[in-house]
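To keep things clear, I will list the structure first and then write my remarks on it.
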Amino acid sequence: MPAIDLRIADDQVTNLGIFTEPGQSSKVTWIKLIPSNLDLSSCSLTDEVTLDDAQFTRRTDHLSAKAYQEVALIDGLHQMTASCRDGSVVSPMRAVRIMDRQPKACKGFAFEDSAATASSLDELKSGVVGTWKGCVTTPWVPPYYVTMTFNADGTYGATTNEIIDGQAMIAMYYGTDNASNEKKYSLDTFDNSLGAGSLDIFFWPGNTNHDPLSNVKLMGNKLSFEFMHRSKYGPLKFELVRQ
């Protein structure tokens, strides 16, 4: 029976992930077509690409049907299929995700540290209340964009819509973006213009982690703070602008 096998980067595993070189948006990788009882000249190779940008733009690239070739694949999800003899022979679809580890919505985000505008704990407590938007920096993933609301009753909300390198971000990195009254924060001390307290990371009803909140700094319409998950994972740094 005529057949064709499609291989990408020496691996046939669907959703294989390949990192680009630092600072690059594409990766040169190889593609093999292994025919059985057919001539590759009658075949075509199609790459359905979902680009990893804010709009998740989709496009179709038509590649040469060669036994071996090296191709620069752009950051995003590539789903490849070879078809031959007027579509009578179709290879299994192979997928590979190219990951550039670069920020998307936070690319070019500018946040400059400036003088603190809260001079007491009470001023800091009242000053953080409201809705803020900005970027989160962690040790593990590219910076991503979040919306946070601190309520006067000591609860907060945090959400993000970012998907980077195929990974859906979570606003606080840990827990869930789902709304809950168990999402609580407190500001307990104030020293040298910086506040400290705690932040509860919500996973599901009845399951939260009580994490230390530090370096809370109010700068007019800007707010920055850090927290360490379970006092050892992080720091996660938030740089936000009032809405």
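Readers should treat all values here as calculations from the given coordinates under stated rules, not as data from a laboratory. It should be emphasised that the depicted structure is a prediction, and the values quoted were computed from it without experimental measurement. Neighbour counts run over all protein chains shown; Cβ positions are idealised from the backbone, glycine included.
Please enumerate the residues belonging to the stretch 70-91 that are farther than 14 Å from P35 by Cβ and not acidic (D, E). Once the filter is applied, which keeps residues that are farther than 14 Å from P35 by Cβ and not acidic (D, E), the stretch 70-91 yields V71, A72, L73, I74, G76, L77, H78, Q79, M80, T81, G87. Could you tell me which residue of the stretch 23-54 is nearest to I98 (Cα to Cα), considering only residues that are among the acidic types (D, E) and surrounded by 15 or more Cβ atoms within 10 Å (Cβ to Cβ)? This residue is D52. Pairing each residue of the stretch 118-131 that is closer than 11 Å to M219 by Cβ with any residue that is in a helix (DSSP H, G or I) and not basic (K, R), provided the two are 6+ apart or on different chains, yields C-beta distances under 6 Å for A118/L124; A118/G127. When the residues of the stretch 55-82 are narrowed to those that are over 16 Å from M93 (Cα atoms) and of a type in the set (V, I, T), which ends up surrounded by the fewest Cβ atoms within 10 Å (Cβ to Cβ)? My answer is T57. Of all residues in the stretch 168-185, how many are in contact with a strand residue (DSSP E or B) (Cβ under 9 Å, 6 or more places away or on another chain), exposed (fewer than 15 other Cβ atoms within 10 Å of the Cβ) and in a strand (DSSP E or B)? Total satisfying the criteria: 0.
In the stretch 111-132, the residue that is farthest from G195 (Cα to Cα) out of those that are surrounded by fewer than 15 Cβ atoms within 10 Å (Cβ to Cβ) and of a type in the set (D, E) is E112. If you filter the stretch 55-69 down to residues that are in a loop (DSSP other than H, G, I, E, B) and among the hydrophobic types (A, V, I, L, M, F, W, C), you find that the one that is nearest to R97 (Cα to Cα) is F56.
Considering every residue within the stretch 38-46, establish whether at least one is over 33 Å from the mean Cα position of the chain (by Cα) and among the aliphatic types (A, V, I, L, M). Within the stretch 38-46, one or more residues are over 33 Å from the mean Cα position of the chain (by Cα) and among the aliphatic types (A, V, I, L, M).
Residues in the stretch 182-203 that are within 26 Å of E162 (Cβ to Cβ) and in contact with an Asp or Glu (Cβ under 9 Å, 6 or more places away or on another chain): E182, K183, K184, Y185, S198, L199, D200, I201, F202.
Residue count for the stretch 191-243, restricted to those that are over 16 Å from G134 (Cα atoms) and charged (D, E, K, R): 5.
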